[in-house]
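To start, the structure itself, in structure tokens.
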Amino acid sequence: MSFTLSQINDRLGGTLKGDGQARVQSVRSLDEAGPGDICVVWQADALHAASRCDATCIVTLENAGFEHENVIEVADPRLALAEILILIHSIKRAEFGVEPGAHIAADVVCNEVYVAAGARIATGVQLGRRVEVHANAVIGAGVKVGEGSIIHANATLCPGVQVGRRVVIHSNAVIGSDGFGYQSSDGSHRKIPQVGTVVIEDDVEIGAGTTIDRATLSRTIIRRGTKIDNLVQIAHNCDIGEDCVIVAQAGIAGSTTVGAGSIIGAQAGVADHVVVGRRVRVGAKSGVADNIPEGDWIGSPALPAVRARRALNLIGRLPEIYEELRSLRKTCSALEEKLDQAVMNDTE
Amino acid sequence: MSFTLSQINDRLGGTLKGDGQARVQSVRSLDEAGPGDICVVWQADALHAASRCDATCIVTLENAGFEHENVIEVADPRLALAEILILIHSIKRAEFGVEPGAHIAADVVCNEVYVAAGARIATGVQLGRRVEVHANAVIGAGVKVGEGSIIHANATLCPGVQVGRRVVIHSNAVIGSDGFGYQSSDGSHRKIPQVGTVVIEDDVEIGAGTTIDRATLSRTIIRRGTKIDNLVQIAHNCDIGEDCVIVAQAGIAGSTTVGAGSIIGAQAGVADHVVVGRRVRVGAKSGVADNIPEGDWIGSPALPAVRARRALNLIGRLPEIYEELRSLRKTCSALEEKLDQAVMNDTE
Amino acid sequence: MSFTLSQINDRLGGTLKGDGQARVQSVRSLDEAGPGDICVVWQADALHAASRCDATCIVTLENAGFEHENVIEVADPRLALAEILILIHSIKRAEFGVEPGAHIAADVVCNEVYVAAGARIATGVQLGRRVEVHANAVIGAGVKVGEGSIIHANATLCPGVQVGRRVVIHSNAVIGSDGFGYQSSDGSHRKIPQVGTVVIEDDVEIGAGTTIDRATLSRTIIRRGTKIDNLVQIAHNCDIGEDCVIVAQAGIAGSTTVGAGSIIGAQAGVADHVVVGRRVRVGAKSGVADNIPEGDWIGSPALPAVRARRALNLIGRLPEIYEELRSLRKTCSALEEKLDQAVMNDTE
């Protein structure tokens, strides 16, 4: 599938200098590109390299004064790169079919789906049209996977989990393992059965190695459109709102609610039973222990971002602050003495 | 399997108002419950919803003044929920049998065990009675798994690892991969063979995606009753005591010992060759670099909790502290000048 | 395979007291060792136990005054342990062969390789000589794996990934899942196709559960000799230099470059688009948000280590600092008053 430069320029809303009928079929980096490719360039040194590149078209910043056979100038080349990738490179889909070596329970209907060798589909599973289950993925008993969803190699959907449409679950993610709940007494811990489930709504993406635990009762829910990166932990009973972004290695503890449109940064942690509001942004590595209704938060314990930035920068100046304090103490003592002396002289 | 309300009330030590012979067979959340179900409620707004719920019985706080067909009043509803779940919902067990598509070495005896399709049991493995090995789990050569243990889908037990009785290992956990040991010289790193193993004692639970490395020599050991959450890293040669709790995404570096009954919070880290005492509690996100014999610890570097709470809260006030310091410096300078002036006037 | 004590002593450059022709074939811990074993001991209490050990040889610190049938004294016993392990215990290799139950595409040539039951090798894959693919590992379409590399059980190499020679990839690692890239507008997030790949160069080791994302364009690269621990996240477009060490649970965000020979500590994080220089060391749990050309860095935000150690230690003294400040303020006020009084008296 290829596109004319005019089609691409129309999508980007840029300025095309060159042949609008020339066609490209892929975006590539400068060092890999050749005829039929389009490159996007925004750094000065890259522009230099771009002038020697055989790509059919170079997309760059407006007024860059860059010359090439075909150039599209845009206001924001980074955004343009995303747009072109989305336009040209639709997500690759596997062809329908069940490979030999797939382990599929007798009651599972597999119409218009792809199931790879080694994948295991247990009893009672329902797969929507155009679902893909890749090699060695495990779909537990009674799981439902909605139309167009992709379960990548070695991912695990535990029994009873519900997955919506157009969901992508990456390799080695685990959806629906037991929540971490124990009844402790006299120092030992009895397992509390986790009889709830996990619901993943439409258009969610879940990264490689991420774990989402089933609820004690009811359900852990990841709402429509939310994107979760790799190695994230979502504990039991969490409710993650629509269109959230949760970056790699972040962790959300049990029964916590995250409002729609919020962003949880990499390696951040949110404590249990916390309510995070809508469109809240939590910085990387931050630790949220209390409810945060709105705004940007940084640090551990997390503070409003403006205050936190000033406070965290001052940590590095603590040695000077401490020195200054000691010096002031001396100054004060000297002053005190001098004053006492002065007063004494005065009264003499 | 169902229980009378009298049986449940006896277990809870509560006060039953209603029909002691009425029967329930599951605990559910308010929005899902109907006849035959029991609900546990402790928040005011939930109590309101509970009054319209068809559940056979509502468990709630004593003196809540709540009216329903059958009510059990207890001192601690959260605790009651755990008790009822443990009473009613025993952990679901798979039926014995080896599914077609399991890859089992010829010398492995599989009596009274469950082995799912795609599971791989290598040569020399010994499985105790009532062991479950779920789909696509891998049990390496020479591994021993004790009676009643459950190895979930896609988990990996590397060769030679020893697992006790009633252990639960969740999906995608890796037990016994090589410890991270290199001999570095001239800037390059030669791998040190890791010839030890991992021993998991009875009644341990290990979360999804958690990794526990084999020892360089001898063994990494997780002692009886310890519960480990998801995505935890336990490095080679660690000795984790009995009945510990290690929360999600925590990491314990090599050769570190954690005493019995200790709790390591989420995303906390303990450095290598450290000794953590018994019943120590390390807060979420804390960093422990030195031995801590007892008590509660918070922060990175970790401090005793009482001090740490005060110290960490003051980080947020560093901007004010800094301003105060500057203002004091000015005050002092002004005082100094004023005093000099006064003394000078005096001597004139 | 066994070694004479003379051979071992030659390798260690130590002093052998005993029978140079005695032979040993394994290193063991004191409590497991017997005839034919060699032990390495450096702690005082261990030396005491060693005197009662049947091991053929004890390696210990020079001038330890330790007596045993055969003793090798060395300057650095820890180093000696590594050396002996490397000498005696070469990494165990599987025998060539393809086990029944492996799922191998028709076009894949499997000469002199090991492929375990349940492993899946997709179309277009090229495996070098002496490659091992363990149980239930998944090798996606078009992947190349160089000579002598080992892919452990349940690991996933996504389509198109390139792996060099003598690489070790541990269980449940995921190489080449999609980078975390979205085009966000009006609060919703459109997936940006990730059409690049991952290149793992020779002699790299990648820990259990670690995730390395494919590039948006071009490639994420892990260069020769770098060692990565468990549960590490490497985001798309990263360039990790030669001979780096990245410790467990660290995370490197997108498009970041790490120079050769650098060490990233456990649970540390490096932000996106950052340049970390050569031989930089980042402490455990540190957070790097800006370029760091050289040196040792600690803390979050990361500071040069010397400064950071003083600064971080002062966090624990913030309560005293705060008290001191309040007390100084009082002292100053008292002085001010006293001085005013003195001046007033003077002028009266």
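The values are calculated or read from the model by the stated rules, or taken from the named source; none is laboratory data. Keep in mind that this is a model prediction, so the values were computed, not measured. All Cβ positions, even for glycine, are placed from backbone atoms using ideal geometry, and neighbour counts span all protein chains on display.
Annotations for the structure displayed:
- For region C:237-249, the criterion of being at the interface with chain A (Cβ under 10 Å from one of its Cβ atoms), out of contact with any helix residue (DSSP H, G or I) (no Cβ under 6 Å at 6 or more places or on another chain) and under 23 Å from A:Q249 (Cα atoms) is met by at least one residue.
- Test result for A:V40, within 24 Å of C:Q183 (Cα to Cα) and within 13 Å of chain C (Cβ to nearest Cβ): yes
- Of all the listed residues (B:V40, B:V59, B:V24), the sole one being within 22 Å of A:P193 (Cα to Cα) and in contact with an Asp or Glu (Cβ under 7 Å, 6 or more places away or on another chain) is B:V24.
- C:T331, sole failed condition from (1) touching a helix residue (DSSP H, G or I) at 6+ places or on another chain (Cβ under 9 Å); (2) modelled with pLDDT of 90 or more; (3) farther than 18 Å from C:V232 by Cβ: (2)
- Region A:299-346, subset among the polar types (S, T, N, Q), within 9 Å of chain C (Cβ to nearest Cβ) and surrounded by fewer than 17 Cβ atoms within 10 Å (Cβ to Cβ), residue farthest from the chain's Cα centre (by Cα): A:S333
- Inter-residue pairs, beta-carbon under 6 Å, first on the phi < 0 side of the Ramachandran plot and in region B:108-122, second of a type in the set (D, E), 6+ apart: B:Y114/B:E132; B:A116/B:E99; B:A117/B:E99
- Where a residue in region B:34-49 is within 27 Å of B:M1 (Cα to Cα) and its partner, wherever it lies, is among the basic types (K, R), with Cβ under 7 Å and at least six apart: B:D37/B:R28; B:C39/B:R28; B:W42/B:R78
- Residue count for region A:113-147, restricted to those that are away from chain C (no Cβ under 13 Å) and assigned to a loop (DSSP other than H, G, I, E, B): 15
- Filter result for the condition that a residue is farther than 25 Å from C:V174 by Cα and either of a type in the set (D, E, K, R) or in the same structural domain as A:A153 (by TED's automatic domain parsing) (or both), over A:T210, A:T197: A:T197
- For region B:63-83, filtered to residues that are at pLDDT 90 or above and farther than 21 Å from B:Q21 by Cβ, the residue that is nearest to the other protein chains (Cβ to nearest Cβ) is B:A82.
- The residue that is modelled with the highest pLDDT, counting only those in region C:294-328 that are farther than 17 Å from B:A308 by Cα and β-branched (V, I, T), is C:I298.
- Put simply, of A:I150, A:I192 the only residue that is in contact with a Leu (Cβ under 8 Å, 6 or more places away or on another chain) and either surrounded by 21 or more Cβ atoms within 10 Å (Cβ to Cβ) or at the interface with chain B (Cβ under 9 Å from one of its Cβ atoms) (or both) is A:I192.
- Residue list for region A:153-164, restricted to those being within 12 Å of another protein chain (Cβ to nearest Cβ), outside any loop (DSSP other than H, G, I, E, B) and either surrounded by fewer than 24 Cβ atoms within 10 Å (Cβ to Cβ) or polar (S, T, N, Q) (or both): A:T156
- Residue satisfying all of: in region A:250-298; under 15 Å from the mean Cα position of the chain (by Cα) and more than 14 Å from chain C (Cβ to nearest Cβ); nearest to A:G179 (Cα to Cα) among these: A:I252
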